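The values are calculated or read from the model by the stated rules, or taken from the named source; none is laboratory data. Model, not experiment: these values are computed from the prediction. For neighbour counting, all protein chains shown are included, and Cβ atoms are generated from backbone atoms with ideal geometry for every residue, glycine included. The area values use the complete protein model at the heavy-atom level, side chains included, leaving out ligands, DNA and RNA. Shrake-Rupley method; radii C 1.70, N 1.55, O 1.52, S 1.80 Å.
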Amino acid sequence: MKDNNVIDLSQRRAEANGGGSNGTKVEDHLKMRLDFEQAKVLVTTSLISVLFLVTLANHSLMSAPAVVAEGEASAPPRGPASDRAPAAVPTGTSSWEDEMVARMAKLDVDGGEKVGRRPSSLERLTFEFLEGKYAVRLENGKLNELEFSGASRAGDHPKHVNDRIRFLEDNRDLLSVRFAKSVRTISARQGDQTVERYNLLDKTDVPVAKVEFHLDSEGRLLSMKIFRSRVALN
């Protein structure tokens, strides 16, 4: 075997381990890369620790109640905004606030009407049952006439009042005439409307007034009006 076919492994190992300048450069490069990776891990861990501590401190400051000595007003903090602790958020009401609310509830407004009074029976009929769609005309403070007033508003329709006798009896105390019972006398078509008339009778079955209802083609209430009889006027 010729000499040029033999590979000297000892010479190659010496060159790789420090026999030449190339081996030293490789080792230095690996060491620098390892140091850089360790530094990245250390910096990341430090940032996470700082963020955790800051979050914990803010949570403790926000949840801590503000303590003020009795009879003393808390003074506003001085110094730069960065040095001020977050203000505590108050919850609930104080005894002074509860007392003021109780006093206001007892105040009389407009000659005796209390703040936050309940709606009257007429207001409930007008704005709840009739949904504010009707003009209301009173006589001596009592209901005498209703008229649908929402025709000018797009998509607004009259209210269904299917049982007119029950409507009269349920609102007996609101009507301008006192009566004991009601009886239907007429139901007739007039063009695209239906007209119904009812007699209002007293306890002796004497008519004291009549009521006239106008309904649209679908039976919805267009108007209602009370007409007093001569007997009721005497």
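Data for the structure
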item: Per residue value of the accessible surface for segment 125-202 (all protein chains in place, 1.4 Å probe), Å²; result: 59 Å²
item: Efficiency of FRET between GLU131 and ASP163 - r from beta-carbon atoms, R0 25 angstrom, step 0.05; result: 0.90
item: Residues whose placed amide H lies under 5 Å from that of LEU222, excluding near-sequence neighbours; result: HIS214, LEU215, ASP216
item: Full-stretch length increase - ARG118, LEU138 - with 0.36 nm per residue and alpha-carbon distance subtracted; result: 5.2 nm
item: Sequence-distant residues sharing a close amide H with TYR134 (under 5 Å, placed H); result: SER149
item: Label-to-label distance, nm, for residues given as ALA188 and VAL206 (7 Å Cα→Cβ offset); result: 2.8 nm
item: Summed side-chain charge close to HIS160 - residues other than HIS160 whose Cβ falls under 12 Å, Lys, Arg +1, Asp, Glu -1; result: 0
item: Neighbourhood charge, 11 Å Cβ-Cβ cut-off, centred on ALA135 and excluding it, Lys, Arg +1 and Asp, Glu -1; result: 0
item: Placed amide H near LYS181: partners under 5 Å, 5+ positions off or other chain; result: LEU201
item: Highest average packing first - 165-171, 218-224, Cβ atoms within 10 Å; result: 218-224, 165-171
item: Phi to ³J(HN,Hα) by Karplus 6.51 cos²θ - 1.76 cosθ + 1.60 over segment 183-196, Hz, x for Gly, Pro; result: 9, 6, 10, 9, 9, 9, 8, 10, x, 9, 10, 10, 10, 10
